[in-house]
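Structure record follows, encoded as structure tokens.
The values are calculated or read from the model by the stated rules, or taken from the named source; none is laboratory data. Given the structure is predicted, the values throughout are model-derived calculations rather than measurements. Note that each Cβ is placed from the backbone with ideal geometry, even for glycine, and that neighbours are counted across all protein chains shown. These accessible areas exclude ligands, DNA and RNA; they are computed on the full protein's heavy atoms, side chains included. Shrake-Rupley method; radii C 1.70, N 1.55, O 1.52, S 1.80 Å.
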Amino acid sequence: MPVYYYIFLSATLFTIGVIGVLVRRSAIIVFMCIELMLNAANLLLVAFSKMHSQAIGATHPTAATDAQIFVFFSMVVAAAEVSVGLAIIVLMYRNVHSVDVNFLNRLKN
Amino acid sequence: MNNILHIAWLIPFLPLVGFLVNGLGRNQLSKSISGIIGSGTILASFLLSVYVFLSVKDGNTHVAHYFDFINTGALKIGFDFQVDQLSSLFLLIITGVGFLIHVYSTSYMHDETPNNFAKYFAYLNLFVFSMLLLVLGGNYVIMFIGWEGVGLCSYLLIGFWFKNDNYNSAAKKAFVMNRIGDLGFLLAVFWLITKLGTTDYHTVFQNVSQLTSFDITCITLLLFVGATGKSAQIPLYTWLPDAMAGPTPVSALIHAATMVTAGIYMIARSNILFTMAPTTQTVIAIIGLATAILAATIALKQNDIKKVLAYSTVSQLGYMFLGLGVGAYTGAVFHVMTHAFFKALLFLGAGSVIHALHGEQDMRKMGGLKKYMSITHITFLLGCIAIAGIPPFSGFFSKDEILAAAFSSNPVLWVIGVLGAVMTAFYMFRLYTMTFLGNFRGTDEQQHHLHESPGAITFPLIILAVLAVIGGLIGIPEVFMHGGHRLEAFLEPIFRESKKIQGTHHLSHSTEYFLMAASVVGASIAIIFAWKNYKDYRYSTEENTGIARVLENKWYVDEIYSSVIVQPVRALGGFFTNVVERGIIDGIVNGVGRAVNYGSRQIRLLQSGQVGTYVLLMVFGILILFVIQLFL
Amino acid sequence: MLGNFITLPHLLIFFPLIAGVIAFFIKSDSGVRGWSVLASLLTLAVSLSTLIYKDNLELNGLAYNYEWLKYMGASFSVSLDGLGRVLTFLTAFSFPVILIATYRNVYPRSNVFYGLMLLSQAGLMGVFLATDALLFYFFWELALIPVYFLCSRWGGERRIAATFKFFIYTFTASLLMLVGIIYVYLHTAGTPFSDHSFSIQAFHTASLTPTQQSWLFWLFFVAFAVKMPVFPFHTWQPDTYEQSPTAVTMVLSGIMVKMGVFGLIRWVLPIFPAAVLQFENVVIGLSVVGMIYASLIAIRQDDLKRLVAYSSIAHIGLISAAVFTRQQVALEGVMIQMFSHGVNIIGLWIVIDVIEKKLGVRKISQLNGIAHRAPVLTIILVIIALANIALPLTNAFVGEFMMFTGLFKFNGWYAAFAGLSIILAAVYTLGMIQKIFYGETNELTAEMSDISFNQKLVLGLLVLAIFFAGIYPQPFFEITKDSVAAIVTRFK
């Protein structure tokens, strides 16, 4: 399968994520969209890794799967982020009884 | 080191000691002790000066180097004293007249508190110290130290009674005008250093030939600017009449006999430079003569006894500069000496009068004092005759020498000079007649207390009167007596080089007799005229009109200076303070601050607190970066 | 000497530094005063010994060099040459004088006040001793930062605004200098451990084209000009002097001003000779204009502190002009004048402080006839004021005479124009004396008392210094002669 399929899919996912962050007001949805962007990037990493694995694998056998391992890193980070992020959202709900991101703009003054 | 150099430094040092003792111990010393210290140190200096003078007379001249004042690779200025004919003559005048005036002061200032009395003598001693430094200095820098030092003492003594704010203003005026001259002096010194690398007299005079005539002209003109400040010539003369605010002995010592002649000393000292700058000499002659006439006209209409004498001093100094300008250096120095005698005498006599009248200085309220103060009267009369130039009194010889030299330079100078001399005779005898002849016009109270002054006052008067009468005899012109001009012979080594350049042109004997006769006759007529006019003077409050009013107001020179110089300078200061400083410079600085403030206020609006906005901006930012990266 | 690390230059820096840190922890008010006076006297003793210590006094003076940030090419190198000697002595001499003269002034939280003062002294010492650009910059800021706090915490009514102005001015200027230092650094040759070096020798030999020099020159010049200050970078000064506590004003005007002059001599003249030649007329022109400008403004000032501030600007103008004449005689004049100016202006501030403490005002128009009530104060002020206007046989005459000589050698017209300030100085100084001290007393001054013993002591000391340097200035020239010659020869 040509690699641009993956690129298009990833770009679409990323754009959906960006637009979601921009237009949605619910903190949870925004959060999910961020995850979506992260995974779009992960998808690209895996795709490119597979694409280059043969060429690189000939000279550097261990380097061929570096990018895929890197995806695990970002997944772990994403998991950590989820735990922190959800905790923040829970706290936010406790304080203002809403998960609307635009509601919480008190830094302004 | 020669014997004379071992004691030369003591001459200024003793007055300095007197200054320190009187100045630091002014709260402890009694009046008699501070008087003795003050006068005693000057007497000792005088005796040493006599010794030095005698040894110089035997041809014993030296430059003494005491220590390095400034010694860097690029500039070397030693603390040097030059002991020669010219300086030793001035030493005698300064310490001699100075001593008499100190003695006089012990009585004149006796009403002061012990503290002020000691302070007065401290200042006076400091003055003598500075003046001696000025005269003894072996280079222009040491001279300048004394030069500014005497200015300082003059400032301190004019403002001695500092409760009166007018006196303080007069003191300030004197100092500032002197400083204007000093700037000229300093620039001349810098010029010398730049061109010759030294300020030592002997090196400078030996290397004059290395200077271009432009350099010499500029240097001498700048030095002359210095002299106009110190010696009260046009345009810087207006401080001297105001300086009469000081105690009268101070006027006698500083503002008549010694300090104001510093300019003449300086030019006589640098005579070789001036001789090589004919342009400067012309300027000096013209300014000197103009000052002599201007001051004489003002003196005609003054009513304050000290003001008349002050303008007379300015006028006489003008004559000395005329002498310097026409190359009659000996004549100028001679006139300095005789002037020191008779002008100190006149001032001290005026002081005696003022003392007797308890501070009254207005001649319109005097008169008839002849009866009450015989010694003062006689000595004063002798002084008046001397200054009027009647032979064989001292003023005749010295003034005549200057006028004769002026004639041989340009007869026009002589004509104007004689005119001034006639005016001198007139205003001096106006002064004399109004003060001593006629009837007393003061209050009964004053008349009741009129008395001759005590011995400490009359003693200096007598000595000075004797000197004023016979002082001229050391400079008898050749026409009267061959070899009679002892002073010229004595000063010959100083002016030798200048003489060589100038050459000698003798007037014929008949011309000289004619010149003398003309000035003597003119002065005599003026004396009789003054006597006739003022012997029955009545006090009237009528205001003067026309030219008399202009003269009474001193040609309005002070007012002109005030509106042309002082006010504009103050206005400029105000403009800088309020407009440039606050408006422009601070405006720019504060403007930068305000711009930053305003800018941040505007940019702050972007921080809306809406997460969405931030993200949107971020996305836009990334898109722009993409575009730049991919397409540019 | 005292071993390898504890040398005289180090003592000069670390003594006040450690003393200052200790001062923060002394709780008792009188204890901390006594401590700081004692510490400053000990520093003075060290500094005096540097004047006497004569061996190894060639161009580098007492130079010491320790590794500091080895891989950046920065080292803790200090040197005590002629320039440094005079200025560290001025610093060491001024601090005890200032602290004793203001001994009676009460400060809230005095331990912090005195601690900051001593830290500032350490910074000043470092500035005058450092021969490493980074170290120089470090000490430069170390000297300034305590002053910000001292002004803003203990100053007058408008202290915050004044401090802010001062801070913005000096900090901007310092940053320009930092940029300049880094730029020159990147053009220096390296050391065995680093690609480039901050040492002054490396800076001297840095390969800079004339174009680079010409804009680097301005980065450095502005930094130093603000500190001095040279017209038109001066407007922070009157405000800051007016608002700071007097002790700090003395430090600012007596010593910190010389940081700028010193910076020019040590860091600008030798490093950017081509640019100096290119811009000398601009700088001298600015300085001379500034002299007249500040003198004229001083005539119109009614506040004593502002008058002295503007008078100082006028005097510093002459100094900066003289620096750029590159004449040996002028630079030696600058060196002695830096000392003289410090002594004189500190004396003036002490007198003003006395008047303000006793009477509560410093408006010239409200004072009158003080001479009747305080004769000693009057005499001392008159002496100091006359020294300030460079009367012969006082210290300032020697310096100004030499600087004017150099200026005249450079160009007679500059000297003639600058000379007008001599006259104007007499006008404003004597006018001030006349209005404050002479005349009749008024209700305010009628009850005034004369100065106390400790003030007599320090003022007497200053007067002695004035006359000593005025009558026998030769020792100063002996100290500075070689260092100055080394700078002048770089232009030959």
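Which residue, of C:Ser79, C:Ser120, is among the small types (Gly, Ala, Ser) and either free of Cβ contacts under 8 Å to residues at least 60 places away in the same chain or not in a helix (DSSP H, G or I) (or both)?
One residue alone meets the criteria, C:Ser79.
Residues in the range B:224-237 that are β-branched (Val, Ile, Thr) and at pLDDT 90 or above: B:Val225, B:Thr228. Candidates are the residues of the range C:176-198 that are assigned to a loop (DSSP other than H, G, I, E, B) and aliphatic (A, V, I, L, M); the one that is most open to solvent (accessible area, probe 1.4 Å) is C:Leu186. Checked against the criteria, C:Tyr114 does not count as within 25 Å of C:Ile26 (Cβ to Cβ), in contact with a Pro (Cβ under 8 Å, 6 or more places away or on another chain) and of a type in the set (Ser, Thr, Tyr). Scanning the range C:153-175 for residues that are within 25 Å of C:Ala206 (Cα to Cα) and open to solvent by less than 60 Å² (accessible area, probe 1.4 Å) yields C:Ala173, C:Ser174. Taking the criterion of being of a type outside the set (A, V, I, L, M, F, W, C), under 15 Å from B:Leu491 (Cα atoms) and open to solvent by 60 Å² or more (accessible area, probe 1.4 Å), the residues of the range B:51-60 that qualify are B:Lys57, B:Asp58. Does B:Ile402 satisfy the condition of being surrounded by fewer than 24 Cβ atoms within 10 Å (Cβ to Cβ), at pLDDT 85 or above, under 26 Å from the mean Cα position of the chain (by Cα) and more than 23 Å from B:Lys535 (Cβ to Cβ)? When the stated conditions are applied, B:Ile402 does not pass them. Those residues that are open to solvent by less than 40 Å² (accessible area, probe 1.4 Å) and of a type outside the set (A, V, I, L, M, F, W, C), I need them from the range B:452-509; list them, please. B:Ser453, B:Thr458, B:Pro460, B:Gly471, B:Gly472, B:Gly475, B:Pro477, B:Gly484, B:His485, B:Ser498, B:Gly503 - these are the residues of the range B:452-509 that are open to solvent by less than 40 Å² (accessible area, probe 1.4 Å) and of a type outside the set (A, V, I, L, M, F, W, C). Scanning the range B:164-219 for residues that are within 10 Å of chain C (Cβ to nearest Cβ), without any contact (Cβ under 8 Å) to a residue 12 or more places away in the chain and more than 23 Å from the chain's Cα centre (by Cα) gives a single hit, B:Thr194. Only one of the numbered conditions (1) in a helix (DSSP H, G or I); (2) in contact (Cβ under 8 Å) with a residue 60 or more places away in the chain is not met by C:Ile433, and that is (2). Looking only at the range A:4-50, residues that are outside any helix (DSSP H, G or I) and within 10 Å of the chain's Cα centre (by Cα) come to 0 in all. Looking across the range C:317-336, the residues that are within 12 Å of chain B (Cβ to nearest Cβ) and in contact with a Phe, Trp or Tyr (Cβ under 8 Å, 6 or more places away or on another chain) come down to C:Thr325, C:Arg326, C:Gln327, C:Ala330, C:Glu332, C:Gly333, C:Met335, C:Ile336. On the stretch given as the range A:18-39, residues that are within 14 Å of A:Ser74 (Cβ to Cβ), open to solvent by less than 50 Å² (accessible area, probe 1.4 Å) and within 14 Å of chain B (Cβ to nearest Cβ) total 1. Considered as a group, the residues in the range C:283-316 that are more than 14 Å from chain B (Cβ to nearest Cβ) and out of contact with any Phe, Trp or Tyr (no Cβ under 6 Å at 6 or more places or on another chain) include one that is farthest from C:Trp349 (Cα to Cα), and that residue is C:Gly285. When the range B:317-376 is limited to residues that are among the basic types (Lys, Arg) and touching a residue at least 12 places away in the same chain (Cβ under 8 Å), the one that is farthest from B:Gly442 (Cα to Cα) turns out to be B:Lys343.
Table: residues versus (1) in contact (Cβ under 8 Å) with a residue 12 or more places away in the chain; (2) open to solvent by 10 Å² or more (accessible area, probe 1.4 Å).
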| site | (1), (2) |
| --- | --- |
| B:His62 | yes, yes |
| B:Asp68 | no, yes |
| B:Leu75 | yes, no |
| B:Asp111 | no, yes |
| B:Phe117 | yes, no |
| B:Cys153 | yes, no |
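Selection within the range C:468-484: residues that are within 11 Å of another protein chain (Cβ to nearest Cβ) and within 18 Å of C:Thr131 (Cβ to Cβ). The member of this set that is modelled with the lowest pLDDT is C:Asp482.
Note on the range C:199-217: residues that are buried (at least 18 other Cβ atoms within 10 Å of the Cβ) and part of a helix (DSSP H, G or I) amount to 6. Residue count for the range C:323-336 satisfying the condition of being within 16 Å of C:Val288 (Cβ to Cβ) and open to solvent by less than 10 Å² (accessible area, probe 1.4 Å): 6.
Could you pull out every one of the helices (runs of 4 or more DSSP H) wholly within the range B:200-282 that has 1 or more residues that are of a type in the set (Val, Ile, Thr)?
Numbers: elements: B:201-206, B:213-230, B:239-242, B:248-252, B:262-269, B:271-275.
Fully inside the range B:200-282 and qualifying: B:201-206, B:213-230, B:248-252, B:262-269, B:271-275.
Reported count of residues in the range C:429-440, each being more than 8 Å from every other protein chain (Cβ to nearest Cβ) and open to solvent by less than 10 Å² (accessible area, probe 1.4 Å), is 3. Can you name the residue in the range C:203-229 that is without any contact (Cβ under 8 Å) to a residue 60 or more places away in the chain and hydroxyl-bearing (Ser, Thr, Tyr) and, of all such residues, is nearest to C:Val261 (Cα to Cα)? Out of the qualifying residues, it is C:Thr205.
Answer yes if at least one residue in the range C:375-383 is more than 11 Å from chain B (Cβ to nearest Cβ), over 30 Å from C:Ala322 (Cβ atoms) and open to solvent by less than 10 Å² (accessible area, probe 1.4 Å), and no otherwise. Looking through the range C:375-383, at least one residue is more than 11 Å from chain B (Cβ to nearest Cβ), over 30 Å from C:Ala322 (Cβ atoms) and open to solvent by less than 10 Å² (accessible area, probe 1.4 Å). (1) of a type in the set (Val, Ile, Thr); (2) more than 14 Å from chain C (Cβ to nearest Cβ); (3) under 18 Å from the mean Cα position of the chain (by Cα): which one isn't true of B:Thr280, the others all being true? It is condition (3) that B:Thr280 fails. If you take just the helices (runs of 4 or more DSSP H) that sit entirely in the range B:550-620, which of them hold at least 1 residues that are within 14 Å of chain A (Cβ to nearest Cβ)? By residue number, B:586-604. All conditions but one from (1) at the interface with another protein chain (Cβ under 9 Å from one of its Cβ atoms); (2) open to solvent by less than 10 Å² (accessible area, probe 1.4 Å); (3) in contact (Cβ under 8 Å) with a residue 60 or more places away in the chain apply to C:Ala415; the one that does not is (3).
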